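Visitor: I am attaching a structure below and will ask some questions about it afterwards.
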Amino acid sequence: MNKHLFSPTRVAIAMIIMVTLGFVAQRLSKSGPAQTELQGITVIDPPLALAPFSLTDDRGAPFDRERLRGRWTFLFFGYAHCADVCPTAMTVLKQLKPLAGGADAGVQYVLVSVDPERDTPAKLGEYVRYFDPQFVGATGSHADLAKLTKPMGVHYARSGAGADYQVNHSSAIFLVDPQARLRGLLPQPHVPQLMAIAFAGVKK
Amino acid sequence: MIRSARLLGLALVLVFAGAHASDEVAVQGAWVREAPPGASVMAAYMTLVGTASSTKTLVAAKAAGFASVELHETVFESGGVAMRPLTALAIPPRERIVLAPGGRHLMLIKPQRAFGEGSQVVLELKFADGAVMRLDVPVKRALADEAHHHH
């Protein structure tokens, strides 16, 4: 074997070339749109400040814009008589919680019920705490709900007749920052691991 | 020597029996999601596998301990979800029809008692040709991997 083929000099030069190519390739792949293309989230940029609203939480306490200050919030709009989408979303939030820092991370998870006629504060509390003892429920009259839902682009409407009606509703999970500003919209399908990565990306 | 020949013969028969698809719909992975206390509806999910040669059509269902059962499909319309009731679900030969979170599901309405994790729901599926299937479906809190069960 020709001992000069793999001389230290040639090996060093080859390594420098490979590292340089790797560096260049990495830079090129990052040259596309970055921050707003996090997977699993539509980033709201600039953040959308939420207008004042006045709802009641599941313990009967006021749930207003002040409750969104000082911590990040994942918000979902649903209702307790929902067979499929809402339990799925609440389960996803439960699975997200440890990935988003857990119980002490100062992140809150809120279900806003768009069915105040059936979802009394007591029922709502029972519902959310089934999924996690820290989860919060909130609701109000449709006029009060509109102050929160309309600016966020959330739609809902009753469907079906009688006492067992269903409510069609937006299925995205909304991310609100500690200044009570909407920062992101996480659409279906909800994958907890991707949501956690998206959350970390938005917080940066 | 004869005994092992018989066992071999039995094994071969079983292998060939399994190789032919059935005339019945097969149900795989059926589960009912445990609901919060006081819930008026629960959802049942499963995969229905078609028969060897003919389409079977699910037209009705019943569940012991529930007032009624309906088949629904969660559909996405302009950013929101709606639930559309289905009157029938066709299961073509050899196809897998999946009922999963975020998609089609059986809505079990008005439980007459609590169905907690670990209990079973006796579900009856009725088909257009008159066939009836009875299943014991376990109640579970949540599947670990929910997102990947999207239809």
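Visitor: Please determine, by comparing only the residues of the range A:88-124 that are β-branched (Val, Ile, Thr) and not in a helix (DSSP H, G or I), which one is surrounded by the fewest Cβ atoms within 10 Å (Cβ to Cβ).
Guide: Only one residue tops the list, namely A:Thr120.
Visitor: Can you give me the number of residues within the range A:106-125 that are in contact (Cβ under 8 Å) with a residue 40 or more places away in the chain and either more than 22 Å from A:Val176 (Cα to Cα) or more than 16 Å from the chain's Cα centre (by Cα) (or both)?
Guide: Qualifying residue count for the region: 8.
Visitor: Does the range A:90-121 hold any residues that are at pLDDT 95 or above, of a type in the set (A, V, I, L, M, F, W, C) and over 18 Å from A:Thr149 (Cα atoms), and which are they?
Guide: Hits for the range A:90-121 are A:Met90, A:Val92, A:Leu93, A:Leu96, A:Leu99, A:Ala100, A:Val107.
Visitor: Mind checking which strands (runs of 3 or more DSSP E) fall wholly inside the range B:48-144 and carry at least 3 residues that are within 16 Å of the chain's Cα centre (by Cα)?
Guide: Correct list: B:56-63, B:66-77, B:89-91, B:96-99, B:104-111, B:120-127, B:132-140.
Visitor: Go through the range A:46-63 and count every residue that is farther than 16 Å from A:Ala180 by Cβ and at pLDDT below 95.
Guide: Final tally of qualifying residues: 0.
Visitor: While we're looking at this one, here's another question. Within the range A:1-45, take every residue that is surrounded by fewer than 11 Cβ atoms within 10 Å (Cβ to Cβ) and under 17 Å from the mean Cα position of the chain (by Cα) and give me the one that is modelled with the lowest pLDDT.
Guide: The residue in question is A:Gln35.
Visitor: Going through the range B:23-37 one residue at a time, which ones are over 13 Å from B:Gly116 (Cβ atoms) and either within 9 Å of chain A (Cβ to nearest Cβ) or touching a Gly at 6+ places or on another chain (Cβ under 9 Å) (or both)?
Guide: Residues of the range B:23-37 over 13 Å from B:Gly116 (Cβ atoms): B:23-31.
Residues satisfying the conditions are B:Val25, B:Ala26.
Visitor: Could you tell me how many of the residues in the range B:53-107 are of a type outside the set (Lys, Arg) and more than 14 Å from every other protein chain (Cβ to nearest Cβ)?
Guide: Number satisfying all stated conditions: 18.
Visitor: Shifting gears a bit: Tell me which strands (runs of 3 or more DSSP E) are completely within the range A:131-204 and hold 3 or more residues being within 11 Å of chain B (Cβ to nearest Cβ), or say none if there are none.
Guide: A:156-159, A:166-170
The values are calculated or read from the model by the stated rules, or taken from the named source; none is laboratory data. Note that the structure is predicted; figures quoted are calculated from it, not measured. Every residue, glycine as well, gets a Cβ built from its backbone with ideal geometry; the counts of neighbours run over all protein chains shown.
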